[in-house]
1. Mind giving me the FRET efficiency for Met196 and Asn382? R0 is 25 Å, r the Cβ-Cβ distance, nearest 0.05 is fine.
2. Quick check: at a probe of 1.4 Å, how many percent of the accessible area of segment 96-147 sits on carbon and sulfur atoms?
3. With label points built 7 Å along Cα→Cβ from the Cα atoms of Asp354 and Arg214, find their separation and express it in nm.
4. Relative to 2.2 N^0.38 Å, what does the C-alpha radius of gyration of segment 182-230 come to as a ratio? Two decimals please.
5. At R0 = 35 Å, how high is the FRET efficiency between Met297 and Gln157 if r is their beta carbon distance? Nearest 0.05 is fine.
6. Tell me what the chain gives for mean residue ellipticity at 222 nm when only DSSP H runs of n ≥ 4 count, each as -39,500 (n - 2.57), the sum divided by the residue total, rounded to 500 deg cm²/dmol.
7. If you take every residue apart from Lys315 with its C-beta less than 15 Å away from the C-beta of Lys315, what net charge results, scoring Lys and Arg +1 and Asp and Glu -1?
8. Please give the contour-minus-distance gain from Ala177 to Arg248: 0.36 nm per residue of separation, less the Cα-Cα distance, rounded to one decimal in nm.
Amino acid sequence: MIFDTKPLDDIEESDLQALLANPVPERKRIEYKSELPTDKFKDRKEFLADVSSFANTVGGYLLYGVKEEGGMPVEICGVEVESVDALKSKWEGMLRDGLSLRLPHVDVHEVDLSTGRWVIILRIPRSWLAPHRVTLENHGQFYGRTSAGHFQMDVPQLRTAFELSGTLAERVRDFRADRLSKICAGEIPTPLHQTMAKIVFHLVPFGAFEPSARFDLSPLVLPEKRRFITPIMMGMNGHEILNHCRYRYNFDGLLNYAQWATDIPAVAYLQVFRKGIVEGVDVSILNTNSFRQIPSMPFEQVLCYALSLYLQTQKALGVDLPIFLMVSLLGVTDYIMGITQTYYGQDYPIDRPDLVMPEVLIDRFDCNPADVMKPIFDAVWNAAGRNGSMNYDASGKWTLQKLE
């Protein structure tokens, strides 16, 4: 099927005509519609049922503007659309307000036909937050999918779906616990200063634990993408750090690490796992001077930069949303929060060695890093005796300068 071999944004009219020349029947992962859904309740419910049924099973494609007979495409008829952007916005609102839980991501691509009409393609990835329920006007049904189309899920099917979702979330948390244990024990891909406090940064896709999850990491070493695998500390001294980075493949995937000289331990590393997981560990930011303190401004700036950068890393690999963000601080007993470079305020030392912040779920690659990181930053400031990060204003807007 063309959708398995060509990026969605590159699909053209000739590709759609190939669906007729070598007919691709409707099946579990593809459905044809000759007309767009109207604003009638029946059509809106059908749209939400179709989309959620794909998300609740294996994902798939909805094609509007393709006529079918007996499940076989027979004509690229196209649909009339006054404004594609308005249609996308309308559908986004329907999916946001008509499903629970909200879908992490749906791609929409329009193909301009020579007739002046359009074919609108929706790509619905399998959701790792499934099952999603249609809640339009209190409809309240869950839908699955077979080659015959969508169907209402029964109790045993729902139980299986909920158990699978819960199991995946537990596996993400178990992975984090295992990695933190190994980092504390020094079982890491390159030596670090083990006695120093550490920042540990994880981005774990929900789909990472599927048996088929495996990504080609070789594009990340191309010159134009190599910055995607630089360690966390790059945000502080970008070009200088790049001159001290060394990357190589290892058993888990691709490793990049920074050291000031070849005969001393590294100060940071980034491990990209073949399953799409990103792990960054840094000992430089929390050990910039003799004080046991967290430099609040560079700490937040660098982590916001790291989140933005590593989401680009995963997007470049083709990782599907959603993604768990998890940040941990290790060895920070008696650390205080640095308010400015010259004044640290009243000391409220952190009362435990490790801060393992609650995970945050990311459902968009174009998210605002400062918004995503706020609950994590607040938790660190709470541990240091503060009500929340002082680098956000009363409206919740981050006040620091973004690193580029």
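1. 0.60
2. Whole-percent figure for carbon plus sulfur exposure: 41.
3. 3.1 nm
4. Expressed relative to 2.2 N^0.38 Å, the Cα Rg reads 1.52.
5. On the way: r = 51 Å, r/R0 = 1.45.
That pair, Met297 with Gln157, gives E of 0.10.
6. Per the formula, -9000 deg cm²/dmol.
7. Values: positive: Arg123, Lys225, Arg227, Arg364; negative: Asp9, Asp107, Asp216, Glu224, Asp320, Asp363, Asp366.
After counting each charged neighbour, the total is -3.
8. 23.0 nm
The values are calculated or read from the model by the stated rules, or taken from the named source; none is laboratory data. Please read these numbers as outputs of a predicted model, since none were measured by experiment. For neighbour counting, all protein chains shown are included, and Cβ atoms are generated from backbone atoms with ideal geometry for every residue, glycine included. To get the accessible areas, we keep the full protein, side chains included, count just its heavy atoms, and leave off ligands, DNA and RNA. Shrake-Rupley method; radii C 1.70, N 1.55, O 1.52, S 1.80 Å.
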